[in-house]
Amino acid sequence: MTAVLRILLRRTALLVPLLLGIALFVFLVMRFSDVDPASAFFQGANPTPQQLHDFRARNGLLDPLPLRYVHFVGGLLHGDLGTSALTRTPVLDQVLTALPLTLQLTFLGLGIAVVLALAGGVTAAIHRDRWPDQIIRVLSLVGVAAPAFWLALLMIQYLAVDRGWFPSGGYINPEDSVTGWLRTMALPALALSLPVAAQLTRIVRTSVVEELDKDYVRTAIGSGLPPHVVVGRNVLRNALVNPLTVLGLRVGYLLGGAVVIETIFALPGMGKLMIDAVQNGDPAVVQGVVLTTATGFVVVNLVIDVLYLLVNPRLREAT
């Protein structure tokens, strides 16, 4: 455990320059945007040139670019993501309102993907080259090729509109009704998770097949241990390293895919917040959403790195 803590502290220290780099990238990209923060602030009005100049001077928009970046990072360290040009409210408040729903959707989709991938991948590996393996491989291939937005539209048509089993959109807070929350989140989470589950299934199958071919598995089964005990206790633990690598990258896909899925299902999360901000010309909100999403992706990958170390002790010794 001491080794894990030491490695965790080292990886956490590396996050500082990485997050500063992300902030710099987002800052520079937003500077090249065609949307003028001053014009966006006075959207719907006819400001005079003097009013625009005063706004830029008051908000440091006339300062040199390096100085503006320093002020930008200083604001981030104090939790200041800027102010929305449309609502005149802090961007942080809007992000904190929308973020819980996106996290619910992302981790619900992640949980579904992991369960389906483990069940399908292990089943396919155990029944290698037989009909269950062939069926699962075909289904996973179709799942990898199917975009999440296309699956979402099919689910809305056939499961919501035609049969009425699920609502076609909207959101119910779990504090109001857990059943209602599950019904509103089921289709978005499934649409988001199936492509990830398909890819993970193929990787889990390959990893488990490689482990099953090793001598220690044949020795354990030959000594009288039940196959399901050997698979559950030894094979899965050793085979999970490669899938965890892909899982860390796929969390970024889930966070990004939530932007589209939330828009399709009219869910008031980070995705809808950013789409509305782009359409309405609110650069501060766009910047805040992108920064929050990127930071979440980095933190999740740190968690995945720690899971590597817990799953495979050999990685602790080699690090």
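The values are calculated or read from the model by the stated rules, or taken from the named source; none is laboratory data. In this text the structure is predicted, and so the values were computed from the model without any measurement. When we count neighbours, we look across all protein chains shown, and the Cβ atoms used for this are built from the backbone with ideal geometry, even at glycine. Remember, those area values only see protein heavy atoms, side chains included, never the ligands or the DNA or RNA. Shrake-Rupley method; radii C 1.70, N 1.55, O 1.52, S 1.80 Å.
Return the calculated 222 nm mean residue ellipticity for the chain, to the nearest 500 deg cm²/dmol, obtained by summing -39500 (n - 2.57) across DSSP H runs with n ≥ 4 and dividing by the residue count. List each step's numbers first, then the result.
Values: 15 runs with 238 residues, N = 319.
Theoretical 222 nm ellipticity from helices: -24500 deg cm²/dmol.
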(message) How big is the dipole moment of the chain about its Cα centre under a simple scheme where the beta carbon of each Lys and Arg is +1, that of each Asp and Glu is -1, and everything else is neutral? Debye, nearest 20, please.
(response) 900 debye
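Would you kindly state the longest site-free stretch of the chain, with sites defined as chymotrypsin sites (Phe, Trp or Tyr not before Pro) in a DSSP loop (not H, G, I, E, B) surrounded by at most 14 other Cβ atoms within 10 Å? Intermediate values should be presented prior to the final figure.
Details: sites that count: Phe32, Trp165.
Value returned for the longest uninterrupted segment is 166-319.
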(request) Heavy atoms only, probe 1.4 angstrom, no DNA, RNA or ligands counted: give me His71, His78 ranked by accessible area, highest first. (result) His78, His71
(request) Give the angle, between 0 and 90 degrees and rounded to the nearest 10, that separates the Cα long axis of helix 241-264 from the longest principal axis of the Cα atoms of the chain. (result) 40 degrees
(message) If you fit an axis through the alpha-carbon atoms of helix 178-212 and take the longest principal axis of the Cα set of the chain, what angle between them do you get, 0 to 90°, nearest 10?
(response) 50 degrees
(message) How tilted is helix 270-280 with respect to the longest principal axis of the chain? Cα atoms for both, answer in degrees (0 to 90, nearest 10).
(response) 30 degrees
(message) For a quick size check, give me the Cα extents of the chain along its three principal axes, largest first, whole Å.
(response) 85, 55, 34
(request) Counting other Cβ atoms within 10 Å, keep those with at most 14, restrict to DSSP loop, and tell me which trypsin sites (Lys or Arg not before Pro) in the stretch 92-197 are left. (result) Arg128, Arg130, Arg163
(request) Any chance you could list P(r) for the stretch 55-212, counting all Cα-Cα pairs in 5 angstrom bins from zero, rounded to whole %? (result) 2, 8, 12, 13, 12, 10, 10, 9, 9, 7, 5, 3, 1, 0, 0
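In square angstrom, what is the accessible area per residue of the chain with a 1.4 angstrom probe? Provide the component values of the computation, followed by the final result.
Working: 17130 Å² over 319 residues.
Ligands and nucleic acids excluded, the figure is 54 Å² per residue.
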(message) I'd like to know which of Val138, Phe297, Gly252 lies farthest towards the positive end of the charge dipole of the chain, counting +1 on Cβ of Lys and Arg and -1 on Cβ of Asp and Glu.
(response) Val138
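In percent, how large is the relative contact order of the chain, given Cα pairs closer than 8 Å and 6 or more residues apart?
Values: 346 pairs, mean separation 82.5, N = 319.
RCO, the chain: 26 percent.
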(message) Accessible area of the chain with a 1.4 Å probe: how many percent of it is carbon plus sulfur?
(response) 66 percent
